[in-house]
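Each remark here refers to the structure printed beneath this line.
The values are calculated or read from the model by the stated rules, or taken from the named source; none is laboratory data. Just so it is clear, the structure is predicted and the values come from calculations on it, not from any experiment. Neighbour counts are summed over all protein chains in view; Cβ atoms, including those assigned to glycine, are modelled from backbone coordinates with ideal geometry.
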Ligand code: NAD
């Protein structure tokens, strides 16, 4: 049975992280050990919530929701701004914790960058307005359309960008007047537990709650009658489970699922000029990014040149323990993903692909796998057809642009895609034919708080960010008033 944390536990147990439920720190009898993927060393212990903990969080959120929903918009905006300020003030502690449990470097596009994103998305949520729309005003009366909170929103997050994705879920939810329950990935729960503890103290009691689990609370959340909507970011398989499980309670869903983004390089592109953009489009966060480029189609005319430029760039990027500020890339976050990447590369080689750089795990502690560029990859190889979600990129040679577009669209993914060309009109014409929620031109993977983002096909449905992402955390309510 879980109990409230007491002061002595708090003082002595620096490595035992509490949950936050109804404004209070709650510990559990069972904990899981969280290890550093760079070293294998213990980072801390994460509580394993019981169904009673989940029920307590749901009850707290439901008890808080009416008063919170009735607060003036300006008050909720200020809470979001205060949360952004608190994230910034605690950024050093949170970045370190994130690097220790996730592996990404502190610097560059790593933990400090992620914390910067958290503050930016919190502030952006505060900037948006949800104005009342007057649909009709005449002799028959007045009809107003309002945006009202949905109620209680459950947020389920993955392990790749744990803090940023949590904020992507909760910032619009809180801004729009909902109460929330967050469940982080069991692989990276510690930084979320700490960040939410900080944020929860800013909002009224019960508005912000977090439970951590051993990977079994998600289904209970998605079936819970006290939760009105689930915002989920994670794999396609889990997304399908959630949709089935949420059907009995007719829950609203936003599903941000896996991607297998194609990049298409046209023959007029300049290989030297695009190499850096291609590299980071594929390897931001070591490739462990939903909207990273995961297969690259290059025209035969410049194929060898692009391969050479990319390889040259890749060999300059230091990889190692994220706490060492010289490292720009870290390890793969967990053993399962490490094995997926290794097996996909081995399979590609056994089917005739060629390794340009990397190709073998790095010996020693940690889940280190080098940047691995796989040339002469073809459709039908698992490394092309599946989401690798790690530091490897298959490069596919094409001769006919229509064929490359057909291959890019031929898989059941639709998160993002990109076109690389020196000719803006040609690039735009190709972009128009690509099936994806976002198509980039001469870049890949950028997201911003004011730009709606979401997948099509099996990459999910619904959008986050922008006014549309905020509206997704509301219901429409009509006031139809007689004259
Ligand atoms: P995952 O689906 O294994 O787990 C995600 C979360 O779901 C975890 O918190 C997990 O505990 C929980 N979960 C597991 N089973 C559940 C169930 N039956 N019901 C409810 N919750 C359940 O994903 P992951 O391995 O943590 O993350 C990697 C995947 O996430 C990749 O496919 C990646 O592309 C995707 N992703 C998508 C986006 C996007 O915006 N589209 C962003 C980041 C990651």
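Scanning the range 433-483 for residues being in contact with a helix residue (DSSP H, G or I) (Cβ under 6 Å, 6 or more places away or on another chain) and within 30 Å of residue 137 (Cα to Cα) gives a total of 3.
In the range 330-339, the count of residues that are surrounded by 15 or more Cβ atoms within 10 Å (Cβ to Cβ), closer than 27 Å to residue 407 by Cα and touching a strand residue (DSSP E or B) at 6+ places or on another chain (Cβ under 8 Å) is zero.
Give the residues of the range 204-217 that are near the ligand (Cβ under 8 Å from one of its atoms) and touching a strand residue (DSSP E or B) at 6+ places or on another chain (Cβ under 8 Å), sorted by residue number. 213, 217, listed by residue number. Within the range 192-211, is there a residue that is under 24 Å from residue 287 (Cβ atoms) and surrounded by 18 or more Cβ atoms within 10 Å (Cβ to Cβ)? Scanning the range 192-211, I find at least one residue that is under 24 Å from residue 287 (Cβ atoms) and surrounded by 18 or more Cβ atoms within 10 Å (Cβ to Cβ), so the answer is yes. Just one residue in the set 401, 434, 415 is closer than 30 Å to residue 352 by Cα and under 22 Å from the mean Cα position of the chain (by Cα); that residue is 415.
Kindly indicate which of 476, 467 is out of contact with any strand residue (DSSP E or B) (no Cβ under 7 Å at 6 or more places or on another chain), outside any loop (DSSP other than H, G, I, E, B), farther than 25 Å from residue 160 by Cβ and at pLDDT 95 or above. So that I can check it myself, show each step before the final result.
Working: 476 fails: out of contact with any strand residue (DSSP E or B) (no Cβ under 7 Å at 6 or more places or on another chain).
Every option except 467 fails the conditions.
Within the range 218-245, if we keep just the residues that are touching a residue at least 60 places away in the same chain (Cβ under 8 Å) and more than 10 Å from the ligand (Cβ to nearest atom), the residue that is farthest from the chain's Cα centre (by Cα) turns out to be 226.
Looking across the range 246-272, the residues that are closer than 29 Å to residue 465 by Cβ and free of Cβ contacts under 8 Å to residues at least 60 places away in the same chain come down to 246, 247, 249, 250, 251.
Screening 201, 185 for residues that are closer than 25 Å to residue 113 by Cα and more than 9 Å from the ligand (Cβ to nearest atom) leaves exactly one candidate, 201.
Yes or no, residue by residue, for (1) buried (at least 16 other Cβ atoms within 10 Å of the Cβ); (2) within 25 Å of the chain's Cα centre (by Cα):
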position	(1), (2)
19	yes, yes
28	yes, no
36	yes, yes
40	no, yes
58	yes, yes
66	no, no
77	yes, yes
80	yes, yes
84	yes, yes
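Within the range 130-139, the set of residues being in contact (Cβ under 8 Å) with a residue 60 or more places away in the chain and surrounded by fewer than 15 Cβ atoms within 10 Å (Cβ to Cβ) comprises 135, 139. The number of residues in the range 426-462 being touching a residue at least 60 places away in the same chain (Cβ under 8 Å) and more than 16 Å from the ligand (Cβ to nearest atom) comes to 7. Candidates 318, 267: the one that is surrounded by fewer than 19 Cβ atoms within 10 Å (Cβ to Cβ), in contact with a helix residue (DSSP H, G or I) (Cβ under 6 Å, 6 or more places away or on another chain) and at pLDDT 95 or above is 267. Would you confirm whether or not the range 463-478 contains a residue that is more than 19 Å from residue 233 (Cα to Cα), more than 16 Å from the ligand (Cβ to nearest atom) and free of Cβ contacts under 8 Å to residues at least 40 places away in the same chain? No, the range 463-478 contains no residue that is more than 19 Å from residue 233 (Cα to Cα), more than 16 Å from the ligand (Cβ to nearest atom) and free of Cβ contacts under 8 Å to residues at least 40 places away in the same chain.
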